[in-house]
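None of the figures in this text is laboratory data; all of them are computed from the coordinates on show. Nothing here was measured: the structure is a model prediction, and the numbers come from that model. Every residue, glycine among them, receives a Cβ derived from its backbone with ideal geometry; neighbour counts consider all protein chains shown.
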Amino acid sequence: MGQIIISEQDIINATCIDQSRKRYVQPEDVEVELMYDDETGFTAEAYISGMKYELQTIHLIEALRLWIEEILGKNPYAGIELVLDDEEGIIAVINGED
């Protein structure tokens, strides 16, 4: 597969799909805000039906594995690294083989 870059918007989309399946709602009913903090690392807040869910890095990785397998049709267990990019925001760098 080489290296694939997943944009911040696609990380948000992946998280919306993942959370919608876990919470039994439609993906469009989920709002996600990605965040980075030097102490806590990469996190997100998901808003569903007026409730706020705090997501840790592992939840973002789970969502990205779903996205890689179902949307990209690639190996979901490739190496995933979340990166804070000065221009692109939060992106994911995927390294691995099919």
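Of note:
- In the chain, the sites counted are chymotrypsin sites (Phe, Trp or Tyr not before Pro) in DSSP loop states with at most 11 other Cβ atoms within 10 Å, and the longest stretch holding none of them, exclusive of the sites, is 25-76.
- Longest DSSP-loop-exposure-free segment, GluC sites (Glu not before Pro), the chain, at most 16 other Cβ within 10 Å: 40-86
- Among 52, 22, 74, the largest mean-square fluctuation in a Gaussian network model of the chain (Cα springs under 10 Å) belongs to 22.
- Neighbour counts of other Cβ atoms within 10 Å put 20, 7, 49 in the fewest-to-most order 49, 7, 20.
- Separation of alpha-carbon centers, segment 76-97 and segment 17-44, rounded to whole Å: 16 Å
- Among 79, 50, 41, the residue with the largest mean-square fluctuation in a Gaussian network model of the chain, with springs joining Cα atoms closer than 10 Å, is 50.
- Taking 72, 55, 84 as the candidate residues, the one with maximal mean-square fluctuation in a Gaussian network model of the chain, Cα springs under 10 Å, is 72.
- Between helix 8-23 and the chain there is an angle of about 50 degrees, using the helix long axis and the longest principal axis of the Cα atoms.
- Dividing the summed -39500 (n - 2.57) terms of all DSSP H runs of n ≥ 4 by the residue count of the chain sets its mean residue ellipticity at 222 nm at -10000 deg cm²/dmol.
- Share of alpha-carbon pairs per 5 Å distance bin for the chain, given as whole %: 3, 14, 26, 24, 18, 11, 4, 1, 0
- The chain, relative contact order in percent, only Cα pairs under 8 angstrom and at least six apart counted: 34 percent
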